[in-house]
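The values are calculated or read from the model by the stated rules, or taken from the named source; none is laboratory data. Since we're looking at a predicted model, the values are computed, not measured. All Cβ positions, glycine included, derive from the backbone under ideal geometry; neighbour counts span all protein chains shown.
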Amino acid sequence: MRRPLIAGNWKMNLSRTQCVALARQIASGLSDSPAVDVAVFPPAVYLDAVITANTGLKVGAQNVNENADGAFTGEVSCSMLQDLHASAVILGHSERRNLMGETSEQVNRKILAALKAGLTPIVCVGELLEQRQAGQTDQVVLEQCRISLAGLSAEQMQQTVIAYEPVWAIGTGQVATPAQAEEVHASIRQWLAKSFSPTTAAQVRILYGGSVKADNAGELLSQENIDGALVGGASLKAESFLGIIHATKAEKVA
Ligand code: 13P
């Protein structure tokens, strides 16, 4: 069975004190054996503070550079994240693809570097509104998967998490319907079965992201191929983030 994962992408928000306080509040709202993996992704400069607060939450970065070291001003390497004991990294988020011009080829190099460093990559894919309206959703998403996940072994694929985040649903309050999300998740899983193996496809966690809130999480998570959520805005408050975790438990850990 796939263990559900609820991940909070804090993006470029909060202060150092607020990050540590939020991680503590989230951790204290979880039971001892939560049955749901919970991870938070603070801004890079606050990773150390959140990790050393020792809350028991998994803590990861929002991006990483694919190179081992060298003249890459302003960038952070996988070994630096390892050094901090970060456990995961979000890669290919639509804000990086669309605002920073990150390509699937670059995302692929980052995934391979992260896996080599023992970091769990959470790889984001998703279509723009005009691509959905033009009936290109599957084509766009599967092409992003094909290029971003090229060259991974089945074992590496099993260690990787995919997040389907339709760009039109991010930060807009316009969440995908459970049926819309499930359709894309099922396509991704079929693609994984064909490209890797049915066993691998059955093991990979596919998260949904885009305007997930405590009051819509249950219905989304009730879908067979939705294994968790990547949450932006609603992860910035312990109450709403915990609400999503509790809704997940109710659906997936009956
Ligand atoms: P929102 O939950 O704010 O729509 O953001 C989703 C997201 O981009 C998570 O990575």
Those residues of region 4-35 that are surrounded by fewer than 19 Cβ atoms within 10 Å (Cβ to Cβ) and touching a strand residue (DSSP E or B) at 6+ places or on another chain (Cβ under 6 Å) come to a total of 0
Selection from region 179-237 of residues in a loop (DSSP other than H, G, I, E, B), acidic (Asp, Glu) and more than 19 Å from PRO121 (Cβ to Cβ) yields GLU224
- Can you spot a residue in region 219-227 that is within 11 Å of the ligand (Cβ to nearest atom) and touching a residue at least 60 places away in the same chain (Cβ under 8 Å)? no
| query | Is it true that some residue in region 245-254 is away from the ligand (no atom under 14 Å from the Cβ), part of a loop (DSSP other than H, G, I, E, B) and exposed (fewer than 15 other Cβ atoms within 10 Å of the Cβ)? | reply | yes
Q: Test GLY210 against the criterion of being within 13 Å of the ligand (Cβ to nearest atom), surrounded by 21 or more Cβ atoms within 10 Å (Cβ to Cβ) and of a type outside the set (Phe, Trp, Tyr), and give yes or no.
A: yes
Here, helices (runs of 4 or more DSSP H) confined to region 1-83 with at least 1 residues that are more than 16 Å from the ligand (Cβ to nearest atom) and of a type in the set (Val, Ile, Thr) are 16-28, 47-52
Note: among ILE170, ILE162, ILE188, just one is closer than 26 Å to GLU66 by Cβ, touching a Ser or Thr at 6+ places or on another chain (Cβ under 7 Å) and of a type in the set (A, V, I, L, M), namely ILE170
Restricted to region 169-187 and to residues being surrounded by fewer than 15 Cβ atoms within 10 Å (Cβ to Cβ) and among the hydroxyl-bearing types (Ser, Thr, Tyr), the residue nearest to GLU224 (Cα to Cα) is THR177
Going through (1) part of a helix (DSSP H, G or I); (2) away from the ligand (no atom under 16 Å from the Cβ); (3) out of contact with any strand residue (DSSP E or B) (no Cβ under 8 Å at 6 or more places or on another chain) one by one, ARG96 fails only at (2)
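Listed here are the residues, each with its yes/no results for (1) within 16 Å of the ligand (Cβ to nearest atom); (2) out of contact with any strand residue (DSSP E or B) (no Cβ under 9 Å at 6 or more places or on another chain); (3) modelled with pLDDT of 95 or more.
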residue	(1), (2), (3)
LEU119	no, no, yes
CYS124	yes, no, yes
LEU142	no, no, yes
ARG146	no, yes, yes
LEU149	no, no, yes
ILE162	yes, no, yes
GLU165	yes, no, yes
ALA169	yes, no, yes
ALA179	no, yes, yes
The number of residues in region 136-159 that are of a type in the set (S, T, N, Q) and in contact with a Ser or Thr (Cβ under 7 Å, 6 or more places away or on another chain) is 4
Subset of region 148-166, residues over 17 Å from ALA7 (Cβ atoms), surrounded by 23 or more Cβ atoms within 10 Å (Cβ to Cβ) and not polar (S, T, N, Q), comes to LEU149
